[in-house]
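Presented below is the structure to which this report refers.
The values are calculated or read from the model by the stated rules, or taken from the named source; none is laboratory data. Keep in mind that this is a model prediction, so the values were computed, not measured. Positions of Cβ are backbone-derived with ideal geometry, glycine not excepted, and every protein chain shown enters the neighbour counts. Quick note on the areas: whole protein, heavy atoms, side chains included, nothing else; ligands and nucleic acids left out. Shrake-Rupley method; radii C 1.70, N 1.55, O 1.52, S 1.80 Å.
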Amino acid sequence: MKALRWHGVKDVRLEHIAEPTVSQGKVKIKVEWCGICGSDLHEYTAGPIFIPTEEPHPLSKDKAPVVLGHEFSGQIVEIGEGITNVKVGDRVVVEPIYACGECENCKQGKYNLCNKMGFYGLGGGFSEYASIPVEMIHKIPEVVSYEQGALVEPSAVALHAVRQSKLKVGDKAAVFGTGPIGLLVIEALKASGASEIYAIELSEQRRQKAEELGAIVINPQEYDPVAELYKRTGGGVDVSYEVTGVPLVLTQAINSTKSGGETMIVSIFEKEASIHPQTIVLQERTVTGIIGYRDVFPAVISLMAKGYFSADKLVTKRIKLENVIEEGFETLLKEKEQVKILVKAE
């Protein structure tokens, strides 16, 4: 079958590899759509970041070269021995987290914080078929398309961020950065009952997309975002969400909250971010963060069935597997107006 494999920095190859087989506890999926994630892009431009190159991962057993892609949907075409909760023909999405089940975090149900946590899709979705542990499988209803299904995984990050924050129905929120995850955070905030959602974004195209989703946009090149948010909200937002990974923006996000407000860090930072503790202490603010998601896929799928996290609003390009490097990775690096690019496995 065709599969896109990572060999090294800027060395990602479309290759023909053996079609996977199923074993006990696994199902074989014909992949329909797979989204390009920021982590795929980081591995392409600066990897290895999460990809094991020396020793196989202790849980996934993956080692470079690996098939990329973890935001994917498909149909079950074969099931392994002992599986009774799904059947051939089921439409599914994949929750791609490997967890050991034995560490303290796993015992507390916080499997996304597993000490050995790994991801399926550092060996996965950019291929024609995939063999998946059945515990990673979630069925999707007919009203949720395969394209929509490819958005479940990134939408889960956004919904987990909002659910872990202190946001209450009627609260005011600000989202700093409206790339794919930031836009999905806006959708999650709408579903969670935020009364006002502000989007702070440099890119005109992304501001337009945030506005289409119902956010009140602020261009930080025209306004001091902190002063503008204070002015518009009467003292600051209840919760801000930092989704840029830029140190300066983290400070802005913290300062934009009211007394007792919260800043939720959603992004991954490549560099240290310097903040003055007094900005937190003197206003009794809270700063917290999330990684990935847990126990949220069913809620995302239910919200999608009601019209949230719409692929029609968020997907800006659809391409074939053989064109994923030039029309996918390279396009995302060059064109900031792109939001989510989906790849069709054929």
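The residue of segment 15-42 that is least open to solvent (accessible area, probe 1.4 Å), among those that are among the charged types (D, E, K, R) and touching a residue at least 60 places away in the same chain (Cβ under 8 Å), is ASP40.
Let's see how each residue does on (1) of a type in the set (Lys, Arg); (2) farther than 18 Å from ILE140 by Cβ; (3) modelled with pLDDT of 95 or more:
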residue	(1), (2), (3)
VAL281	no, yes, yes
PHE297	no, no, yes
LYS306	yes, no, yes
GLU335	no, yes, no
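Set side by side, the residues LYS317, LYS334 differ, and just one is over 16 Å from LEU159 (Cα atoms), surrounded by 13 or more Cβ atoms within 10 Å (Cβ to Cβ) and either of a type in the set (Lys, Arg) or touching a helix residue (DSSP H, G or I) at 6+ places or on another chain (Cβ under 6 Å) (or both), which is LYS317.
Yes or no, residue by residue, for (1) open to solvent by less than 50 Å² (accessible area, probe 1.4 Å); (2) within 21 Å of the chain's Cα centre (by Cα); (3) touching a residue at least 12 places away in the same chain (Cβ under 8 Å):
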residue	(1), (2), (3)
TYR98	yes, yes, yes
GLU102	no, no, no
LEU113	no, yes, yes
MET117	no, yes, yes
TYR129	no, no, yes
ILE132	yes, yes, yes
VAL144	yes, yes, yes
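Suppose we filter LEU184, LEU229 for residues that are within 17 Å of the chain's Cα centre (by Cα), part of a helix (DSSP H, G or I) and surrounded by 17 or more Cβ atoms within 10 Å (Cβ to Cβ); which single one remains? Before the answer, list the steps.
Numbers: LEU229 fails: within 17 Å of the chain's Cα centre (by Cα).
Unique residue meeting the criteria: LEU184.
Tell me whether segment 70-82 contains one or more residues that are at pLDDT below 95, farther than 15 Å from LYS26 by Cα and touching a Phe, Trp or Tyr at 6+ places or on another chain (Cβ under 6 Å). Looking for residues that are at pLDDT below 95, farther than 15 Å from LYS26 by Cα and touching a Phe, Trp or Tyr at 6+ places or on another chain (Cβ under 6 Å), one finds at least one in segment 70-82, hence yes. One residue alone among GLN252, GLN283, GLN278 is more than 23 Å from THR316 (Cβ to Cβ), open to solvent by 20 Å² or more (accessible area, probe 1.4 Å) and touching a residue at least 40 places away in the same chain (Cβ under 8 Å), and that residue is GLN252. Can you find a residue that is in contact with a strand residue (DSSP E or B) (Cβ under 7 Å, 6 or more places away or on another chain), part of a strand (DSSP E or B) and either of a type in the set (D, E, K, R) or within 27 Å of PRO180 (Cα to Cα) (or both) anywhere in segment 106-116? Checking segment 106-116: not a single residue is in contact with a strand residue (DSSP E or B) (Cβ under 7 Å, 6 or more places away or on another chain), part of a strand (DSSP E or B) and either of a type in the set (D, E, K, R) or within 27 Å of PRO180 (Cα to Cα) (or both). Among the residues of segment 286-300, the one identified as open to solvent by 30 Å² or more (accessible area, probe 1.4 Å), touching a strand residue (DSSP E or B) at 6+ places or on another chain (Cβ under 9 Å) and in a loop (DSSP other than H, G, I, E, B) is ARG294. Exactly one residue out of GLU43, GLU15, GLU32 is assigned to a strand (DSSP E or B) and out of contact with any helix residue (DSSP H, G or I) (no Cβ under 9 Å at 6 or more places or on another chain), and it is GLU15. When segment 196-214 is filtered for residues that are part of a helix (DSSP H, G or I), over 10 Å from THR178 (Cα atoms) and touching a strand residue (DSSP E or B) at 6+ places or on another chain (Cβ under 6 Å), only GLU211 remains.
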